[in-house]
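Novice: Take a look at the following structure, please.
Derivation of every value follows stated rules applied to the coordinates shown; laboratory data play no part. Being a predicted model, the structure only gives us computed values, none of them experimental. Ideal geometry is used to build each Cβ from the backbone, glycine not excepted, and the neighbour counts take in all protein chains shown.
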């Protein structure tokens, strides 16, 4: 089975990328702490799950926080873009990030209710489909298959730091186009925009913006999908007009006023959730549809976003 997966991945991604990503995953599963940005990475410190639950129960907030995790909101955002071709005025992207489908049953039921009624041109997924950072992928794939049944195509996606490269073949079999340091041209009438995506830059560090942008013509309108917004500098200076990401969960457990206690990301706090701008590039960091570590939310409701592109 392992040889079959490796063969498929090498054909799809190339020998180096496939072996590098899968090798890092294997190393991670052999250690208590993963080789990520932070050595003592909270997502690998499994006792923190019970610490969070116990702390919330002691403060009397657990029941409310657990109920909040299923109350997904729909955000509408207008992006006024200088280089957007006129044919794409009003083009709408449905943005879903961090669903963690195998640990957020209430949130997934809520998505099943609201997704069929939404109107959009394409759907983009910015990673973290699995609850854990290692182990089996079967439950996550089953959950993504159910989520996929409520989505209209075309669908484009990138992997997050919770996702295994082994998930790529079954996700693509569902009709989800994975962008792993790759770019896709999207045409309307006689005009074209470009949608690029990179592999996880936060944990695995196998992102390659240069490769993803290689086939984008100069002065073309382009969007980058990245699981983490931490690549904002590289993306802006590579000429992307819009960066869509997730990862931070907006803090997930926040102080009143949606003030995050931690974002687990190396970036300015203003980029930790919602819309922002860096130089000429606009960006949006989704707080996610699901929850990480424990299915709870405080002062930071889960979301999906509809991004409406407008000609400036």
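Novice: Kindly put 210, 172 in sequence by how many other C-beta atoms sit within 10 Å of each C-beta, fewest to most.
Specialist: Numbers: 210 11, 172 14.
Listing 210, 172 from fewest to most nearby Cβ atoms yields 210, 172.
Novice: Roughly how many whole Å is it from the C-alpha centroid of the range 188-231 to that of the range 111-131?
Specialist: Here the two parts' Cα centres lie 20 Å apart.
Novice: Going by how many other beta carbons lie within 10 Å of each one, how would you line up 100, 17, 279, fewest first?
Specialist: On the way: 100 25, 17 19, 279 9.
Ranked by crowding around the Cβ, least crowded first: 279, 17, 100.
Novice: In which sequence would 287, 206, 168 go, from the one with the fewest C-beta neighbours within 10 Å to the one with the most? Intermediate results must be reported in sequence, preceding the final value.
Specialist: Working: 287 27, 206 19, 168 23.
Ordered from fewest to most neighbouring Cβ atoms within 10 Å, 287, 206, 168 come out as 206, 168, 287.
Novice: For the range 188-230, what is one quarter of the convex hull surface built on the Cα atoms, given in nm²? Working shown, then result.
Specialist: Numbers: hull surface 13.8 nm².
Orientation-averaged projected area of the Cα hull: 3.5 nm².
Novice: Follow-up question, since we're still on this one. Any idea what diffusion coefficient the range 190-312 gets from Stokes-Einstein, in µm²/s, Kirkwood Rh on alpha carbon pairs, 37 °C, 0.692 mPa s? It would help to have the intermediate numbers written out before the result.
Specialist: Values: Rh = 15.2 Å.
Answer from the Stokes-Einstein relation: 216 µm²/s.
Novice: Specify the residue with the greatest mean-square fluctuation among 21, 110, 63, computed from a Gaussian network of the chain linking alpha-carbon atoms under 10 Å apart.
Specialist: Maximum fluctuation in the GNM of the chain, among the listed residues, is at 63.
Novice: Which of 176, 122, 209 ends up with the largest GNM mean-square fluctuation for the chain, with Cα atoms connected below 10 Å?
Specialist: Looking only at 176, 122, 209, the biggest GNM fluctuation is shown by 122.
Novice: If you compute mean projected area of the Cα convex hull in nm² for the structure shown, which of [x] 23.7; [y] 20.5; [z] 15.3 do you land on?
Specialist: Computed from the coordinates, mean projected area of the Cα convex hull in nm² corresponds to [z].
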